[in-house]
There are 2 protein chains.
Amino acid sequence: MSFLVKPVLHTYFRSSCTWRVRIALALKGIEYDQAPVNLIKDGGQQLSSKFTDINPMQQVPSLEIDGITLSQSLAIIQYLDETRPKPRLLPEDAKKRAYVRMISDLIASGIQPLQNLMVLQKLGDGERLGWAQSYITKGFHALEKILDCTAGQYCVEDEVSMADLCLVPQVYNAERFKVDLTPFPTITRINQALMELEAFKVSHPSRQPDTPPDLRA
Amino acid sequence: MSFLVKPVLHTYFRSSCTWRVRIALALKGIEYDQAPVNLIKDGGQQLSSKFTDINPMQQVPSLEIDGITLSQSLAIIQYLDETRPKPRLLPEDAKKRAYVRMISDLIASGIQPLQNLMVLQKLGDGERLGWAQSYITKGFHALEKILDCTAGQYCVEDEVSMADLCLVPQVYNAERFKVDLTPFPTITRINQALMELEAFKVSHPSRQPDTPPDLRA
């Protein structure tokens, strides 16, 4: 019965973790409503007691779906994949699935947390850019080496997977932080191939309901 | 055929991410060899070119198993669970599995990366303890609230799951960083219940082959 209620995504246009989930929803053709949470306005709307009840970590994304509220992008994506399996975002083969999770976690635990807004706000103005660049660059060196073994057209062979949903938003962040992408030809190639796909385009930060007019595509 | 070769765990006794995997291996009764990587000695043995070939992220754990080499603790644990399913570390029900992953990711992406050695080494001597304490405390406040909804005897109801494998090493880190655990009675209770189990004891940092003599239990 709860399948009849439209899921609600608590989202911020520029949150890379939320973008991952928006891609999954788009690929699977799941209709949903957006509840924007502005991470900058009012000192950060994610800190409100109303939103803290939705996600005690005071972060986006959270997804209300099937009568439950889930947070953490990879947990959400895997729940979607297990309950709405087409098209699948984790390969059938256990080893390939492990590669997809390894790449996803490398980004979701190894890069993104170290360059997110909450951490950068703790640093001095002069430190932020260098800090973000150093963690993204270190992570991308590792990722490039791994992708050279696993990639086909996309991160793991030729099917779009959860790893790709993590890659594209992280490359977007790298560009925002002016990371030199020249040393990463495989990452760059895969990112370009993915950005040709409609699900990656419609979910882009420049095309969301809460995107400010001056940042719209 | 590769099932006949003993897995090799690249490990450091005090790495909380590696401890997660050691618990999984112990719970499932998988025999393995340890290849210690000292994160302090020689300026960090994880930085050697030999180890960088094993894990380009220069982190432990990595596990050589079934002819492949995997990194990222949650990817490893889920591979083990899918290929050696008994006892299962992710529940059969999709919603409960989502809760397990949500709690695991909250720790693995939301807390641990912000208090790991690599990050703390970037901070000044006077900043480290406060930085680590603040992220662990913030994460534990969220976790406590979530566990109040999901927990039974353990993190998600009454079966040991991947979430528990993340919880115990994170509480160990909290204690190392002298975090006040008084506000977290549920976390404390579950941690104590888990530490009664043999798999959590034998995998403890104080009982590893590479544990220095003065830190042995």
### Message
Given the criteria part of a loop (DSSP other than H, G, I, E, B), in contact (Cβ under 8 Å) with a residue 12 or more places away in the chain and touching a strand residue (DSSP E or B) at 6+ places or on another chain (Cβ under 9 Å), does B:Pro183 qualify?
### Response
no
### Query
Among B:Gln133, B:Gln170, which is the only one that is in contact (Cβ under 8 Å) with a residue 60 or more places away in the chain and either under 21 Å from B:Ile40 (Cβ atoms) or not β-branched (Val, Ile, Thr) (or both)?
B:Gln170
### Query
Which of the residues belonging to region B:97-133 are open to solvent by 20 Å² or more (accessible area, probe 1.4 Å), facing chain A (nearest Cβ under 10 Å), over 16 Å from the mean Cα position of the chain (by Cα) and modelled with pLDDT of 95 or more?
B:Arg97, B:Tyr99
#### Entry: Unique residue being within 14 Å of chain A (Cβ to nearest Cβ) and open to solvent by less than 10 Å² (accessible area, probe 1.4 Å) when the list is B:Leu47, B:Leu25, B:Leu9, B:Leu63
B:Leu63
#### Entry: Members of region B:16-42 found to be charged (D, E, K, R), outside any loop (DSSP other than H, G, I, E, B), over 22 Å from B:Ser109 (Cβ atoms) and touching a residue at least 12 places away in the same chain (Cβ under 8 Å), listed by number
B:Asp33
### Query
Can you tell which of B:Arg128, B:Arg84 is basic (Lys, Arg) and in contact (Cβ under 8 Å) with a residue 24 or more places away in the chain?
B:Arg84
### Message
Can you pull out every residue in region A:140-155 that is aliphatic (A, V, I, L, M) and open to solvent by less than 10 Å² (accessible area, probe 1.4 Å)?
### Response
A:Ala142, A:Leu143, A:Leu147
### Message
I'd like to check something: does region B:29-45 contain any residue that is touching a strand residue (DSSP E or B) at 6+ places or on another chain (Cβ under 9 Å) and either assigned by TED's automatic domain parsing to the domain that holds B:Ser161 or among the basic types (Lys, Arg) (or both)?
### Response
no
### Message
One residue is enough: does region B:201-209 have a residue meeting the conditions exposed (fewer than 15 other Cβ atoms within 10 Å of the Cβ), touching a strand residue (DSSP E or B) at 6+ places or on another chain (Cβ under 8 Å) and closer than 24 Å to B:Arg22 by Cβ?
### Response
yes
### Query
Is it the case that region A:100-119 has a residue that's over 23 Å from A:Ile77 (Cα atoms) and among the polar types (S, T, N, Q)?
no
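The values are calculated or read from the model by the stated rules, or taken from the named source; none is laboratory data. From a predicted model like this one, the values you see are computed outputs, not experimental measurements. Ideal geometry is used to build each Cβ from the backbone, glycine not excepted, and the neighbour counts take in all protein chains shown. What goes into the accessible areas is simple: the full protein's heavy atoms, side chains included, and nothing from ligands, DNA or RNA. Shrake-Rupley method; radii C 1.70, N 1.55, O 1.52, S 1.80 Å.
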